Amino acid sequence: MASLFSSRLSSHSLSLLINIFFIFLIYLHFASQNPSPSGSIQTLNSLAGGDSDSCSGGLASLDDHRSKCSYIRSQSKCGPQGYIDYLKIFFCIFGESPVLGHLVLSVWLFVLFYLLGDTAASYFCPSLDSLSKVLKLSPTMAGVTLLSLGNGAPDLFSSVVSFTRSNNGDFGLNSILGGAFFVSSFVVGTICVLIGSRDVSIDRNSFIRDVVFLLVALCCLGLIIFIGKVTIWVALCYLSIYLLYVGFLSVSHFFDRKKRMSEQILRSREDLAEMGVPLLGDITEEKLVLPEKTAQEFKIVFEDPPKRHRSCFSVLVSIIGLPLYLPRRLTIPVVREEKWSKPCAVVSTAIAPVLLTELYCSHYSGSKRNLILYIVSGSIGLILGILAYLTTEKSHPPKKFSLVWLLGGFTMSVTWTYMIAQELVSLLISLGNIFGISPSVLGLTVLAWGNSLGDLIANVTVAFHGGNDGAQIALSGCYAGPLFNTVIGLGVPLVISSLAEYPGVYIIPSDSSLLETLGFLMVGLLWALVIMPKKKMRLDKLVGGGLLAIYLCFLSLRLARVFGVLDIDR
């Protein structure tokens, strides 16, 4: 009980600090909108190199924080990619104490990663789970479609934002490839090293299938990057790789299931014949009946815990947590039994169209058109809110039109995930301008590590405690996840970007390090593909050590080049 109380206390304390910091950052955002300091903007432009295409180049040529503050106020290229102007906050408010500015932006980076993961876990994934049940998808199809989409949502939307919103396609490419490299090399290597002494093996066919499909996808992506441009048809063909993977997996699962059922029926008939039981017909299905004691234990485990009186501290945390919780709760319809609230459902259906309009208008200018759109969306929201109030009950979620409600929750969770990913990309680009580091490097490291941290913890835990089955699930996730992110996470932005240029072609951002990342990533996959079968599919320490060495070697070379320790002509 003491440990449970302490864990709840620490969770509440963390939530309290995060929400207080959120309120503080909003204050800083509005405080940074003061008029720019007096000074000659033309002089600043000439000193900073007004013809420079990058904001970081102009900032690097200025010395004091006041001139940098005036410069970013006068240059549109230094404008925010999201909703908060981080450069103004850093140079205009924390200019005299940059260490404090670094601390504030670092904490906010953690908060954005938390919000991105919490939105996916609390809203996005439950919507996908309910949709899979309503659509009656098989476990295999749900796993490779909706589950993969839920797990890869942060990477997917960060990539879409980098291509479409911030015009930093190399940032999206590096973040996706960095995440795939981290998971397929570092996470797999860690798993192999930790359980290498347990003689754990995995299925050969599944491993080879996933790795080969990932290698094929990377080869196609490398060809696109090498050519440097892509048409809508090439982007669609690249996107279809995952459809082929889903189809191949479904066919394999169908035949494997049919084979297992035949063997099971044959064994059942033989067992009954040995017992002298007359066979009246074929056994077509099995039903699992739990013993009474086991059923009672399951009932105790999965029943809702008894309600307890909330302490004053938890009430205070809930109140302060409203800035982070309430906007999502009042715009995302939640139709699960345990979290159903009719007032929240009515309000969410009324406000959701306005939020969608805000997201659309943030990409365009023109106050007149925006005003008209807000009026139309507000009217639609009012009608939907009235309909929701008349057709729902307080006691339970709606039984009729459940698919419509689920699609609405899915759409709004996607909207929030996209908005948070947009703010995360904006912050990383601003940090790149502050430190003078290429945003693509931050995408390859910080964004990739942040989005893949959940994979590291979950897959290592499952493999370490789950035996052979746990290792199989973990390794499948370590390759199927990067395959989804590489094909869908990059295919969707490529389709959107090339469609915007149709009938022309979309030019891939020039970044010579992309092919280097691809090369190291494929070397790690080939290492596992060659060594694992020789070790009879055992998760050997040799496999893990090699994968960790490949990843750390790549990371050391890349960081040494960034910080000027190593200078290699490319």
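The values are calculated or read from the model by the stated rules, or taken from the named source; none is laboratory data. A quick note: this is a predicted structure, and the numbers were derived from the prediction, not measured. Because the Cβ atoms are built from the backbone with ideal geometry, glycine has one as well, and the counts that use them run over all protein chains shown. Each accessible area value is taken on the protein alone, full model and side chains, heavy atoms only, with ligands, DNA and RNA left out. Shrake-Rupley method; radii C 1.70, N 1.55, O 1.52, S 1.80 Å.
Ordered from largest to smallest accessible area (heavy atoms of protein chains, 1.4 Å probe), the residues Lys136, Lys399 come out as Lys136, Lys399.
Ligands, DNA and RNA left out, the 1.4 Å accessible surface of segment 361-453 is 72% carbon and sulfur atoms.
The residues Trp416, Trp108, sorted by heavy-atom accessible surface at 1.4 Å with ligands and nucleic acids left out, run Trp416, Trp108 from largest to smallest.
Legend: residues Ile93, Ile473, Ile225, sorted from most to least accessible area (1.4 Å probe; ligands, DNA and RNA excluded), read Ile473, Ile93, Ile225.
Among the listed pairs Lys133/Lys536; Lys136/Lys394; Lys136/Lys342, a Cα-Cα separation exceeding 29 Å is found for Lys133/Lys536. Relative intensity of segment 327-423 on a log10 scale, I(q)/I(0) at q = 0.15, 0.21 Å⁻¹, equals -0.59, -1.03, per a Debye sum over C-alpha point scatterers of equal strength in the absence of solvent. Inter-label distance, Arg336 to Ala500: 3.4 nm, where each label sits 7 Å from its Cα along the C-beta direction.
Length available on full extension from Val523 to Leu387: 0.36 nm per residue minus the Cα-Cα distance, which gives 43.3 nm.
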